[in-house]
1. For Thr122, work out the one condition from (1) under 19 Å from Ser39 (Cβ atoms); (2) modelled with pLDDT under 95; (3) touching a Cys at 6+ places or on another chain (Cβ under 9 Å) it doesn't fulfil.
2. Kindly indicate whether any position in segment 70-83 is in contact with a Cys (Cβ under 6 Å, 6 or more places away or on another chain), at pLDDT 90 or above and surrounded by 12 or more Cβ atoms within 10 Å (Cβ to Cβ).
3. Could you list, in sequence order, all residues of segment 60-94 that are under 21 Å from Cys128 (Cβ atoms), out of contact with any Lys or Arg (no Cβ under 9 Å at 6 or more places or on another chain) and not hydrophobic (A, V, I, L, M, F, W, C)?
4. Within segment 93-135, can you find the residues that are over 20 Å from Ile24 (Cβ atoms) and assigned to a strand (DSSP E or B)?
Amino acid sequence: MKNTILALACLISLSSLAKDTFIITSDETFGPIIGFSDSSFNYKESDSVRSREFCFYGNINEVCSQIEEAAFLKSAMYGQGNHDDMKLLSCEVVGGEDEYSPEFVRTSYNLSDDYGSDFDVTRKIEKCVQSSMSK
């Protein structure tokens, strides 16, 4: 069963690289990470131990499904022995009524682990800003 979960994780990871839309997780310790990633181990009581920021490239309407995939994978790995879990509570595209309120994704999820941590987290994920120097 562990091999099945590992194969599923690899398949999901490889399939996310072929997508036109992807999420960037920016971590002050590890730098940018391709894909949505968060853990209860990033928090201590109510304070953030390591700050994380998120943005996306591509189609905003595909972001929630990628967060859903990440939560499913984290829960599956928790069921196979990992020590932290993620449960997606909500995910929606918000804004876009006019040019002054661009669309963004608001997501809420619960992070927990075997050591008693239990955090409800809400994130705002906006389109990644491309530097004019990189054009």
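The values are calculated or read from the model by the stated rules, or taken from the named source; none is laboratory data. Because the structure is a prediction, the values reported are computed rather than measured. Neighbour counts run over all protein chains shown; Cβ positions are idealised from the backbone, glycine included.
1. (3)
2. No, every residue in segment 70-83 fails to be in contact with a Cys (Cβ under 6 Å, 6 or more places away or on another chain), at pLDDT 90 or above and surrounded by 12 or more Cβ atoms within 10 Å (Cβ to Cβ).
3. Asn61, Ser65, Glu68, Glu69
4. Passing the criteria: Asn110, Ser112, Asp113, Asp118, Phe119, Asp120.
Conditions tested, residue by residue: (1) more than 21 Å from Ser51 (Cα to Cα); (2) out of contact with any Pro (no Cβ under 8 Å at 6 or more places or on another chain); (3) without any contact (Cβ under 8 Å) to a residue 40 or more places away in the chain.
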| site | (1), (2), (3) |
| --- | --- |
| Glu92 | yes, yes, yes |
| Gly96 | yes, no, yes |
| Pro102 | yes, yes, yes |
| Arg106 | no, yes, yes |
| Tyr109 | no, yes, no |
| Asp120 | no, yes, yes |
| Arg123 | no, yes, no |
| Glu126 | no, no, no |
